[in-house]
Every structure is written in C-alpha cells, then in structure tokens.
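Enquirer: Take a look at the following structure, please.
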Amino acid sequence: MTQKLDIRWLKVTDSTNNRALEGIPTEKDKTVWAAEFQTAGRGQRGNKWTSAEAQNLMFSILLKPDFIFAKDQFIVSIIVTLGIESYLKKKGVQTKIKWPNDIYSEDRKICGILIEHGISGQMLSSSVCGIGLNINQREFPKDLPNPTSLMLELERNGKKNLPAFSLTDELEELVAEIYTFYDKARDEFLRTGKYDSLYSQYLDRLYRKDEFHRFVETEGNKEVEAKIVGLSDTACIVLEYHDGSRKSFAFKEISYII
Ligand code: BTN
C-alpha cells in the first residue's frame, strides 16, 4: 500500500531545517518541508548551501525515531544516504556515499545532507534530515567544488534532450525511498537489536573504500596516503596506511583530497 506523504512546499524560506526544527514540538514523525528557494541554506562544517531557484530539491524530513538509541544515531545517516542512493539508481545514476553523508557520482557531488538530532534520555527524540539534491541545474557557480546534478549525470550517460524533472514528483519518489530504509531499520532493530545489514550495505557503497587516496589530517594539517577500510563502533572512518597501521577519525579530523 502506498503511504500518503505529508510534504509542505514553500516558495521561499531561510532554511527548511529551521522549519523542521520549529515543527518538533507539534508535528509528527515523517513530516517534510521543501522549498523552491532558501535565503540562508545551511551546510556541513558551518558552510552555506546555495542552489538555483526551483531547479533542485531542498527539503528537510522530521523523523521521531524513538526506537533508535542516541549512541546509534549514525544509523539515521545510513538510512538517508541509502535511500538517496537507491532513488538515484532507479533514475539511472550510479552513486557512492562519501562518508559520512555526501552522495557522489564518481568525483562529483550531487547531494549534501545536514542532520540535526534531538536526544531525550538514551534515545533519539527527533532527527531533522536536511537534504540538498541537485536535479535540473546544468550550470553552477565556479567556486563550488565538483558539483553535478541528476540531469548532468544522465546527459553524461548519453541521455540527451531530456525535459526538466518535476520537483514535486521527484520529491515524492525520493521521500518514499528514504522511508523504505527507515522502516527497514526499525524492522531490523526489532528483530535483531542491531543494524548489521544496513551497516554492511552502507559500507558496500562507500566512496573510495579499499583504494589508496590522499587525505589531509586536520591535526598538523598533514597530507597522507591511506585507504578507507571501514567504520569504528562510533561511526568514525578507519584509514589504513601503507605500513598496515590503522587510525580512526571523526568528521572534522580528516578531509578528502578530490
Ligand atoms: C552539505 O553538504 O554541506 C550539506 C548541505 C545540506 C543542504 C540542505 S538543503 C535543505 C536543508 N536546509 C538547509 O539549510 N540545509 C539542508
């Protein structure tokens, strides 16, 4: 049975994450705010998120994941990234997940995600999942590093003269896909008390896994060559160096050289 989606479209807002954060006290699990334009879009590491008006998806899903322990909060990133990756695969674009939660087609960024959690006792009480997915945009400002869109990737795959995608239709498809993974996470946790299958799907789809690449370690601003070999118990990325030694890094402790 297809579920009725609660999606609230706005012409302009500062940030859809702000609308979802305001909704926490009164709105239910699986409520979505989407905007055609954001005046103060927020990205990771305190960056801004900018996007051409009415060309791309900018939206935030409010989840009330009361079955997820706060210590397992990374599973929300896994749910969202696997949902987006699966939606893009159905559209004909093969992507990878750049830890912790960007979506890349080869070395090009198609989607960014900003998740803000609320915690009550040991459990998550809310997760605002803000998603910026480039859909129809063909030209980007020069200062953005390697941006791409669904349209550009399909053109790169040989599909020419495609009409613009309908943002409302695409959002419904994408949100339904994310909810499929959310429901899978709940089922898996209720059955096994863990999320092993979702973790292993996430690792399978990890960008630059098991290949040597260059990174910058924040501490000491040191450039190193290493390969991603997995995630730690606390969802830090684990790198292995040429000498076989390993080290794990939290989000702000490492950056990729792309
Ligand atoms: C990043 O890659 O830096 C994360 C970008 C997240 C952007 C989305 S757009 C919808 C939602 N509202 C925001 O202000 N940010 C997120």
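Enquirer: In the set E172, E253, E225, E211, which member is touching a residue at least 60 places away in the same chain (Cβ under 8 Å) and open to solvent by 50 Å² or more (accessible area, probe 1.4 Å)? Working first, answer last.
Expert: Values: E253 fails: touching a residue at least 60 places away in the same chain (Cβ under 8 Å); E225 fails: touching a residue at least 60 places away in the same chain (Cβ under 8 Å); E211 fails: touching a residue at least 60 places away in the same chain (Cβ under 8 Å).
When all the criteria are applied, what remains is E172.
Enquirer: So the check is Cβ under 7 Å with 6+ separation or different chains; which pairs have a first residue in the stretch 8-25 that's part of a helix (DSSP H, G or I) and a second one that's among the aromatic types (F, W, Y) and within 13 Å of the ligand (Cβ to nearest atom)?
Expert: Final answer for the pair search is T16/W33; T16/F59; R19/W33; A20/W33.
Enquirer: Are there any pairs, at least 6 apart or on different chains, whose C-beta atoms fall under 9 Å, with the first in the stretch 192-206 and touching a residue at least 24 places away in the same chain (Cβ under 8 Å) and the second polar (S, T, N, Q) and open to solvent by less than 70 Å² (accessible area, probe 1.4 Å), and if so, which?
Expert: Y202/S77; Y202/T81; R205/T81; R205/T95
Enquirer: Sticking with this one: Would you point out the residue of the stretch 99-112, among those that are in contact (Cβ under 8 Å) with a residue 60 or more places away in the chain and surrounded by 21 or more Cβ atoms within 10 Å (Cβ to Cβ), that is farthest from the ligand (Cβ to nearest atom)?
Expert: Looking at the filtered set, the residue picked out is W99.
Enquirer: If you don't mind, there's one more thing I want to ask. Please go through the stretch 53-111 and give me each residue that is touching a Gly at 6+ places or on another chain (Cβ under 7 Å), more than 26 Å from G158 (Cβ to Cβ) and hydrophobic (A, V, I, L, M, F, W, C), ordered by number.
Expert: The answer is M58, L62.
Enquirer: Using the structure shown, decide if A52 is modelled with pLDDT of 95 or more and more than 18 Å from the chain's Cα centre (by Cα).
Expert: Spelling it out, A52 is indeed modelled with pLDDT of 95 or more and more than 18 Å from the chain's Cα centre (by Cα).
Enquirer: Please give the number of the condition I119 fails out of (1) crowded, with 20+ Cβ neighbours inside 10 Å; (2) in a strand (DSSP E or B).
Expert: Status for I119: all satisfied but (1).
Enquirer: Here's a follow-up. Checking the structure you have, find out if any residue of the stretch 67-83 is open to solvent by 10 Å² or more (accessible area, probe 1.4 Å), acidic (D, E), more than 9 Å from the ligand (Cβ to nearest atom) and in a loop (DSSP other than H, G, I, E, B).
Expert: No, there is no match, as no residue in the stretch 67-83 is open to solvent by 10 Å² or more (accessible area, probe 1.4 Å), acidic (D, E), more than 9 Å from the ligand (Cβ to nearest atom) and in a loop (DSSP other than H, G, I, E, B).
Enquirer: Under the condition of being under 28 Å from K64 (Cβ atoms) and assigned to a loop (DSSP other than H, G, I, E, B), which residue from the stretch 96-116 is modelled with the lowest pLDDT?
Expert: The extreme case among them is N101.
Enquirer: Within the stretch 150-169, can you find the residues that are in contact (Cβ under 8 Å) with a residue 60 or more places away in the chain and under 18 Å from K96 (Cα atoms)?
Expert: L150, E153, L154, N157
Enquirer: Among the residues of the stretch 13-61, which ones are away from the ligand (no atom under 11 Å from the Cβ), on the phi > 0 side of the Ramachandran plot and out of contact with any strand residue (DSSP E or B) (no Cβ under 6 Å at 6 or more places or on another chain)?
Expert: Scanning the stretch 13-61 gives a single hit, K30.
The values are calculated or read from the model by the stated rules, or taken from the named source; none is laboratory data. Because the structure is a prediction, the values reported are computed rather than measured. Ideal geometry is used to build each Cβ from the backbone, glycine not excepted, and the neighbour counts take in all protein chains shown. For accessibility, only protein heavy atoms count, side chains too; no ligands or nucleic acids. Shrake-Rupley method; radii C 1.70, N 1.55, O 1.52, S 1.80 Å.
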